[in-house]
Every structure is written in structure tokens, then in C-alpha cells.
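The values are calculated or read from the model by the stated rules, or taken from the named source; none is laboratory data. Given the structure is predicted, the values throughout are model-derived calculations rather than measurements. Please note: Cβ atoms are built from the backbone with ideal geometry, for glycine as well, and neighbour counts cover all protein chains shown. These accessible areas exclude ligands, DNA and RNA; they are computed on the full protein's heavy atoms, side chains included. Shrake-Rupley method; radii C 1.70, N 1.55, O 1.52, S 1.80 Å.
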Amino acid sequence: AGKCGTCGPGYPSPLEAMKGKSWDNIPRWPREQLLYLPCIYRNTGTALPDFLATVDVDPSSPGYCQVIHRLPMPHVGDELHHSGWNVCSSCHGDPTKTRNLLVLPSLVSSRVYIVDVGTEPRAPRLHKVVEAQELSQKASAAFPHTSHCLGSGEILLSCLGDPAGNGRGTFVLLDGETFEVKGNWEKGEKIPALGYDFWYQPRHQVLLSTEWGVPKVLAQGFDPRDVEKGLYGRHINVWDWGSHSLLQQLDLGPGSIPLEIRFLHDPRASQGFVGCALSGAIQRFHKSQDGSWAVEKVIEVPSKKVQGWLLPDMPALITDILLSLDDRFLYFSNWLHGDVRQYDISDPRQPRLVGQVFLGGSICKGGAVTVLEDRELRDQPEPCVIQGKKIPGGPQMLQLSLDGRRLYVTTSLFSAWDRQFYPDLIR
């Protein structure tokens, strides 16, 4: 990838991506111009398909901050959730690869939509549908969540369960050209009881995955009693990258519910962070001297004692985390409390809070909830009002621009949970 004409998609390193320059130091994408945003109709009472919105974020454009295109899916009730790419910087050394297709799994219907964003980026079109039956028949898998492209050109999907809605931490491989299901990625008899997100680091021969909950249980909404019954996750699962076998399960404690997991971007690094939703903790995972993996809690967001809510103690509910490409900052969202936080992680063992902004949440002034005891704030935060409108819901998914200067935030977590905790968001 060091000669003109031999570069594939993406960048040779995270730091080069942050600079926005190619290998020959010529600016390529100084600033993002479009965002692709999954928009959900499921559980809203509106019988329309979910759609992919294209948002113009070019400040010089007359359509700035507007939805300029909508691509509806062919079916109703999919519950679009995460998205990924057909190829990425893992394939940077292959000039035959092009990052032109968006991989869009459906968390409830188990379909996987492949969307063409290369032919006309401002007006994406549907390229292919991988039906749920194919995941079921070839991999006994359902409820796909995270998709990552691999250096081999294949696409790896993590799934929450089996076709019956039971928990099963399985993975599905898709062909990177035809998008046919090739089968399961994992090998051996040991499979985690639950699945959710994952991140892989080939230099350390490891893949780490997390656990949300049993699909048919969490799809009905959140019941604290289900946590006590063991129907929600508590482990980081450590896989051997070469043999695809489960090596370790790192127990993060009862009621932790580890969701999003991120390695440091430095490809030499053997550490990263995972956000534990219900316990309100950020755990640092790292490779030990003997080659095993370990975790330690480095951040804890305390629950608040409240009145007028589901429980007397309101957890933060950490739902998404991300790292800047230079591994300087950690960001995460507290979906229930309503704040997004920025930590300096120059010392990963001792993160320092350096930024915080409230974007809605359940404890705003004037709402139904009264905070009786708060170990962090003196007063309940003001509602978030933008262009005269109070923003319902709380901050959830995060995306940081490559240069680290702009943070994009969405508010929906999962439609059944949105409906339960933020009915105004559903409306």
C-alpha cells in the first residue's frame, strides 16, 4: 500500500485517517458530507417499513442538516439497528476493493439488507436482501447485530440468538461479493449463552464479544426481574482468532449487561474498554503477561435515587462508547440520565472526565421524575431544546468524525425500550 495506485479502501492507519490524508499526504476527505441513519417505525403504531435516511452535513450545501433522501425497506417491522461496510481499512492493501455497500442487519426480522451507497451516494438504493431463512438454515442464527468486514474480504455478523428467540452468542460469515451465508464463524462445542457486539484484533490473535440478553425476553421491554433470572449478560467472551474457539469468559458481575466493546485503535495495543449498561461501569480489558485476558473497572457512573420512575434507583444505562482515532478520548452515552461524557484516556487505567453535555434524558427539570439523591449533580439538568423543540429521549448511538471535531448522537435504543422509557420519543 505504499505505491501510487495500489491503495485499497480506507487508510493505512488510524492516525492517517484522523489526518484525512492518503499515503501520499494529499487531502482526501477533509470533512464528512453525508450521514446514513437507520430510522425505525416498529412499535410506533405506524405500519410503515423502516428506512435509511441520507442526511446532508456539508455546511456549504443548501441542504445542510436536512434529510435529502429516504430509502424504505421492502418489509414492515424489521427494526434496523446497527450498520457496517462491505469493506474497510482491513482491505486497504487490496486495490480491487471498494467501500460502496452498507451492511444493514435487522435486529428483529433477522434480514440483512445490503444497500448501494456508491452508485449515487446522495440517493442510496437497495442492492440485495439476505433473508432470515438463510441465516437460520445455514447457521442456526437470528437477531443479527454487529457487522465488521474482515481482511479476507468476508463479512462477520454477531447474533443475539437462535431462530426461536433463545440466547446464543453465535457468529455468521457472509461472502463479501455475493453476500451469501457461508455458515458459522465459531468452531467447537463451547458457545456463549448470549451475544451482542464484538471487536477483533488479529495482531493479538483475539476476538472479544459481549452479551445483551435473551432476544424473546428483551423484545418485550425491560423487566428488572429478568436480570435476576440470569436472562441478561455479564461476560466478555474471549475467542482465539485463528481457531475460532472460545478461550475465556470474563465475568463482569451480576446485572452488568456489557454492550459496546472497543479496542484502542493503535493496532499494537492489547487493551480497550467495554460499557456495562446496567451497572453504569466502564471496564478496561487488557492482555496479561501470561497471555490470558483480564478486566478492571475504571469508571463508575452512580445511580440516582428518584421518585416517579420504574425503580427507586435509576441507573445511567451506558449504551454506546467510542474512542477517538488517536486513542486520546473515550466517549460514552448515559441513555437514562441523559448525558454524553468525554474522558481523557492518556492513562487508560485512570480516565479523567473532561467534557459532559446533557441531551435530554429522564431526569430533566419539569419532567415526571424527581431526583432525591444525586452523588454527582447539585440540580436536575435543564431539558435540551433545539430550534424551539424539546428533544425527547436520551443520547444513545455515537459517531465521531475522523478528525475528532464533531460528535453525532442519535436517541433511539430499541423500539420496545423506547416505548417503555420514552413514550414521547415514540410519538
Scoring the chain by relative contact order with C-alpha pairs under 8 Å, at least six apart, yields a percentage of 9
Cβ-placed point charges (K, R +1; D, E -1), dipole of the chain about Cα centre in debye, nearest 20: 440
With all protein chains present and a 1.4 Å probe, how do 247, 377, 413 order by accessible area, largest first? 247, 377, 413
Please report, in Å, the Rg and the Dmax of region 62-163, where both are computed over Cα atoms only. 14.6, 48
Among (1) -0.62; (2) -0.55; (3) -0.42, the value of log10 I(q)/I(0) by the Debye sum over Cα atoms at q = 0.08 Å⁻¹ computed for this structure carries the label (3)
In the chain, taking the dipole from +1 charges on Lys and Arg beta carbons and -1 charges on Asp and Glu beta carbons about the Cα centre, the listed residue (39, 100, 386) farthest towards the positive end is 386
Taking square-rooted eigenvalues a ≥ b ≥ c of the alpha carbon gyration tensor, is region 1-140 rounded, prolate or oblate, where a/c under 1.5 means rounded and, failing that, a/b exceeding b/c means prolate? oblate
A 1.4 Å probe over the protein heavy atoms gives the chain a carbon and sulfur accessible-area percentage of 49
Taking a ≥ b ≥ c as the square roots of the Cα gyration tensor eigenvalues, with a/c under 1.5 meaning rounded and otherwise prolate when a/b beats b/c or oblate if not, region 122-255 comes out oblate
If the chain between residue 377 and residue 48 were fully stretched, how many nm would it gain, using 0.36 nm times the residue separation less the Cα-Cα distance? 114.3 nm
If you find the alpha carbon centre of region 351-415 and of region 171-202, how far apart are they in angstrom? 34
Hey, can you grab everything whose amide H is under 5 Å from the amide H of residue 7? Only 5+ residues off in sequence or another chain; H modelled, so Pro and N-termini drop out. none
What figure, in Å² to the nearest 10, do you get for the accessible area of residue 390 with a 1.4 Å probe and non-protein molecules left out? 130
For the chain, which longest stretch is free of loop sites, where a loop site is one of the chymotrypsin sites (Phe, Trp or Tyr not before Pro) that DSSP puts outside H, G, I, E and B and that has at most 15 other Cβ atoms within 10 Å? 242-427
